[in-house]
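S.K.: Okay, handing you the structure first.
No value in this document is a laboratory result; all are computed from the given coordinates. What you are looking at is a predicted structure, and each value in this text was computed from that prediction instead of being measured. Glycine also receives a Cβ, built like all others from the backbone with ideal geometry; neighbour counts cover every protein chain displayed.
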Amino acid sequence: MDDARRNLIKSLAGLAILAPLSAGCSRSHPLLSSPVRTDRLRPPGAVAEDTFTGRCIRCGRCMEVCPYHCIKPLDVREGTSAGTPIIAVRKSPCFLCMKCVEVCPTGALLPIEMTETRMGLAIIDTNVCAAHQPETMCRTCYSVCPLRDHAIELVEFVTPRIIDDACTGCGICVQACPVELGDGPDGIKKAIRVEPKS
């Protein structure tokens, strides 16, 4: 096979791979869609998702510096987001040490104070939360919150309520929540979840 024919075949194969990606360049394509969703968040200080994957160079410094090992790289199944950092708060929440924002070389993670962090917003499902049921009492999410009485409060000293404009979305409450039902994402539904920042 001569070089011209070989190059033509390579070009056609490349086009076949890239065609679905470039058709409309829609973020709804699986390889282009955002990996950020309920209980899967970017680290503190992350820029908007539509610019994050372009700004992050996948250097791994945020992951290396995290003393809790909660920041993990996304694998190749995540398409254009492969190699970028994600925090799966059910497995290992962010403990807000803020070391990651100090080492990011590109500004994908911007320097930010711990109290100004907004990775997402914790949402309590009052239908399944033990503290919202008449026969039980639970203060777990309140007790573990690093911003107790600022990001979460107890109404009448009993039921937890998230203070929207102060919640960091760290997910410590999600991991600690003792309520686990079998019908949520990854097969488990907790009484509290973190929705990513919009």
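S.K.: Where does each of M114, M137 land when they are ranked from fewest to most other beta-carbon atoms within 10 angstrom?
M.R.: Lowest to highest Cβ neighbour count: M137, M114.
S.K.: Could I ask something else about it? Taking K and R as +1 and D and E as -1, what net charge do the other residues with C-beta under 12 Å from the C-beta of C141 add up to?
M.R.: +3
S.K.: For the range 28-196, what is the convex hull (Cα atoms) projected area averaged across all directions, in square nanometres?
M.R.: 9.8
S.K.: Could you work out Rg/(2.2 N^0.38 Å) for the range 119-198, with Rg from alpha carbons only?
M.R.: Expressed relative to 2.2 N^0.38 Å, the Cα Rg reads 1.02.
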